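One structure below.
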Amino acid sequence: MEKYTKHTNVAALMNRANVDTDQIIAKQFLKKVERTGFGQHLFHDWCYLEDGTPNPKFELNNPAFDGARVLVVGDNFGCGSSREHAPWAIEDYGFNTIISTSYADIFYNNCFKNGILPIVVDAPTLKALMTEIEENPGVAFTVDLENQAVTTPKGTQVAFEIDGFRKTNLLSGLDDIGLTLKHTDKISEYETTHKERFPWLWAS
Amino acid sequence: MAKTMYEKIWDSHLVHEEPGQAPLLYIDRHLMHEVTSPQAFEGLDLAGRPIRNTHSILATLDHCVPTKLADRINLPDPIGAKQVRRMMENCEKHGLTLYDMESQNNGIIHVVVPEHGFVHPGMTTVCGDSHTATHGAFGALAFGIGTSEVEHVMATQCLPQTKSKTMLVNVNGTLSKFSTAKDIALAIIGKIGTAGGNGYVIEYAGSAIEALSMQGRMTLCNMAIESGARAGLVAPDQKTYDFLEGKEFTPKGDGWEKALAYWKSLPSDADAQHDTVIELDAADIAPQVTWGTSPEQVVPVDKKVPSPADFADAGKAKSCESALEYMGLTGGTNITDIKIDYVFLGSCTNSRLEDFRAAAEVVKGSKVAAGVTAIAVPGSYQVKKDAEAEGIDKIFLDAGWEWREPGCSMCLAMNGDQLKPQERCASTSNRNFEGRQGKGGRTHLVSPAMAAATAAAGRFVDIRTLEQG
């Protein structure tokens, strides 16, 4: 996983609430056995017209958002299915940061496994950020995870909260399976006691 | 200190905790299907890591599996077929139990797992599938995970976790005979919204929940995720123990007595504190029908489709407007005036024997309305066999329904069963998202009995007004 570093990039706006993972990556693309190449299918049903050409009305098809790495979206982003293909598609498309008021639980967890920073802000802050993009499409936001801050050209400074463990993992790009395996002794110790207490768990 | 059931399960599965690190939680059971696992196996193999406890895993093929018998022999979709093959290869290579398409145990993961008693009260259970919440019906902490976490659990039998808050949803009173666990689930989501449970594990309690069968509790907990909760829980009781006793993976003899003693210690202590408490009166819960593209967009069947102006919140008004456009509906329309093209009875929410019995009572002696396609898809071969032993298949076939092989089918439409654009479906599944049942398809979520009545009428019907035969 790539290390998450401070960056200044175009912020794309998608002012929709309850965007579910079925919209982020549609079911017909879940049959692949690989982890890569999902970006081209991001928001497929909204992105393309019936004849396969880009839908000019779809927010992300706005040329001002070309090269965007920050995605600003409405409440409860990523609800529904647990499919990690959703963050795979978002990351592969080019985004490494999402800003919203809330995320669905599984999607939120999945983001961190893929180098994506999902930032939570309050409703007035989200509105201010959205307004700034609406007034100036193509505007670039600076995201500084180390100092937990988003800065905009208009001078808006947003401080955000994030779990310390998740922050460290994003900043270092660490493989968290490796981290857990450092505790193998503890896991074995736990299993010994667990087996004594609940022997039926191991019966097969 | 008094503890909730969630806290008891959490505490007994805590492997390690230290400042600056996420607590490490031990995982007892790991359920698998073909869609969310191939990349996890690949990651594991690339890193040269073995699976820590192969006995913790039970796998099935369900999402990509066709429900027409002929298509199961030769999968028409080569990409889906490759995914199915890959799952079989991975399970073979790692020595995992897989209920493949030829197995008489095959079916939807969340239907077959309880049939074999694989998940017990107090267990931590995960699956790369959001509807893992189903197993909370047994008092197990069961939640959906992503593919990276599937790999993590295979390699370590643990997951770094953050502790959730707890929400107690009390449903007291008596449910009308026309309302079901599905209606309770939809009514709760209608009340708290699809994000209402974000950050929480929900515990369902109260006399109406105690009165539910195990199948009903599975339906209810299955939809905990549609309210945003990490998991749903119902305290184990005699119904739970009766359901589990004698099943393949449940302990026998002395083990059973020990297990029982432990299970009885699990319910929340009487004075345990929940972070939020929600109250519903079961008597107020009418049969529910969703009208929009989110499960929270739901009303009782005798009500009208709302208009954007009915919502004070600007965001909800906007969502209403776009949902109405997608659904091809006008605010103010009576739900019972909405005509449908398709009926789907199935999915991990509502495809158990009890669901088919309830629907069969309504289907008996009826005919599927002209122009309507109705498919009944049992959740497993076991359900199919049991239903056929009771003659339920004949009731459906005589009425003009199709009687299919088990699988996820039209719940997520990645197996050949899907709606065409603009087709409208009364569905017993769990999500009415845009395109969920096929691009442009329009989904209305209902209970099995409501789906059955809708098939015969070609429009939504208030089953409370049907003549009793």
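The values are calculated or read from the model by the stated rules, or taken from the named source; none is laboratory data. Just so you know, these numbers come straight off a predicted model, no measurement behind them. Because the Cβ atoms are built from the backbone with ideal geometry, glycine has one as well, and the counts that use them run over all protein chains shown. Just so you know, the surface numbers come from the protein's heavy atoms only, side chains and all, with ligands and any DNA or RNA stripped out. Shrake-Rupley method; radii C 1.70, N 1.55, O 1.52, S 1.80 Å.
Just a few scattered comments:
- One residue from A:E84, A:E59, A:E34 being exposed (fewer than 15 other Cβ atoms within 10 Å of the Cβ) and assigned by TED's automatic domain parsing to the domain that holds A:R16: A:E34
- The residue list A:D163, A:D122 contains one member that is within 8 Å of chain B (Cβ to nearest Cβ) and more than 30 Å from B:A261 (Cβ to Cβ), which is A:D163.
- Any hit, the stretch B:284-296, residues being assigned to a helix (DSSP H, G or I) and β-branched (V, I, T): no
- Applying the set (1) farther than 28 Å from A:L179 by Cβ; (2) open to solvent by 10 Å² or more (accessible area, probe 1.4 Å); (3) of a type in the set (V, I, T) to A:V120 leaves exactly one unmet item: (1).
- Residue count, the stretch B:413-449 (criterion: open to solvent by 10 Å² or more (accessible area, probe 1.4 Å), touching a residue at least 60 places away in the same chain (Cβ under 8 Å) and within 20 Å of B:P378 (Cβ to Cβ)): 4
- Scanning the stretch B:46-66 for residues that are within 18 Å of the chain's Cα centre (by Cα) and either on the phi > 0 side of the Ramachandran plot or charged (D, E, K, R) (or both) turns up just one, B:D62.
- Matching residues, the stretch A:12-31, being over 14 Å from B:G80 (Cα atoms) and within 7 Å of chain B (Cβ to nearest Cβ): A:A17, A:N18, A:D20, A:D22, A:Q23, A:A26
- Matching residues in the stretch A:86-102 - criterion: being facing chain B (nearest Cβ under 8 Å) and either small (G, A, S) or within 20 Å of B:A133 (Cβ to Cβ) (or both): A:S102
- Here B:E467 meets the list (1) modelled with pLDDT under 95; (2) open to solvent by less than 10 Å² (accessible area, probe 1.4 Å); (3) charged (D, E, K, R) almost entirely, failing just condition (2).
- Filter result (in a loop (DSSP other than H, G, I, E, B) and either touching a strand residue (DSSP E or B) at 6+ places or on another chain (Cβ under 9 Å) or within 21 Å of B:V112 (Cα to Cα) (or both)) within the stretch B:238-265: B:E245, B:G246, B:K247, B:E248, B:F249, B:T250, B:P251, B:K252
- Subset tally (residues that are over 14 Å from the mean Cα position of the chain (by Cα), closer than 18 Å to B:A359 by Cβ and surrounded by 20 or more Cβ atoms within 10 Å (Cβ to Cβ)) for the stretch B:196-222: 1
- Only one of the numbered conditions (1) over 21 Å from the mean Cα position of the chain (by Cα); (2) open to solvent by less than 10 Å² (accessible area, probe 1.4 Å); (3) of a type in the set (A, V, I, L, M, F, W, C) is not met by B:I79, and that is (2).
Yes or no, residue by residue, for (1) under 15 Å from B:S347 (Cα atoms); (2) in contact (Cβ under 8 Å) with a residue 12 or more places away in the chain; (3) open to solvent by less than 10 Å² (accessible area, probe 1.4 Å):
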| site | (1), (2), (3) |
| --- | --- |
| B:G365 | no, yes, no |
| B:V377 | yes, yes, yes |
| B:A387 | no, yes, yes |
| B:A399 | no, yes, yes |
| B:R404 | yes, yes, no |
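- Entirely in the stretch B:1-66, the strands (runs of 3 or more DSSP E) that have 2 or more residues that are open to solvent by less than 20 Å² (accessible area, probe 1.4 Å) and in contact with a strand residue (DSSP E or B) (Cβ under 9 Å, 6 or more places away or on another chain): B:24-26, B:29-32, B:57-60
- Helices (runs of 4 or more DSSP H) contained in the stretch A:126-204 and holding at least 3 residues of a type in the set (V, I, T) and either free of Cβ contacts under 8 Å to residues at least 60 places away in the same chain or closer than 30 Å to A:D66 by Cβ (or both): A:184-197
- Condition met for B:E102 (part of a helix (DSSP H, G or I), surrounded by fewer than 24 Cβ atoms within 10 Å (Cβ to Cβ) and either at the interface with another protein chain (Cβ under 8 Å from one of its Cβ atoms) or more than 17 Å from the chain's Cα centre (by Cα) (or both)): no
- Scope the stretch B:18-42; condition under 19 Å from A:V33 (Cα atoms) and within 8 Å of another protein chain (Cβ to nearest Cβ); matching residues: B:V35, B:T36, B:P38, B:Q39, B:E42
- Within the stretch B:334-357, tally of residues that are closer than 20 Å to B:M218 by Cβ and surrounded by fewer than 24 Cβ atoms within 10 Å (Cβ to Cβ): 3
- Boolean, A:E191 is closer than 30 Å to B:L44 by Cβ, outside the structural domain of A:A26 (by TED's automatic domain parsing) and at pLDDT 95 or above: yes
- Of the residues in the stretch A:176-193, at least one is among the hydroxyl-bearing types (S, T, Y), over 17 Å from the mean Cα position of the chain (by Cα) and open to solvent by 60 Å² or more (accessible area, probe 1.4 Å).
- Selection within the stretch B:196-228 - farther than 19 Å from B:G139 by Cβ and either modelled with pLDDT under 95 or not in a helix (DSSP H, G or I) (or both): B:G196, B:N198, B:G199, B:G228
- Conditions (1) crowded, with 22+ Cβ neighbours inside 10 Å; (2) without any contact (Cβ under 8 Å) to a residue 12 or more places away in the chain; number of the one not met by B:R85: (1)
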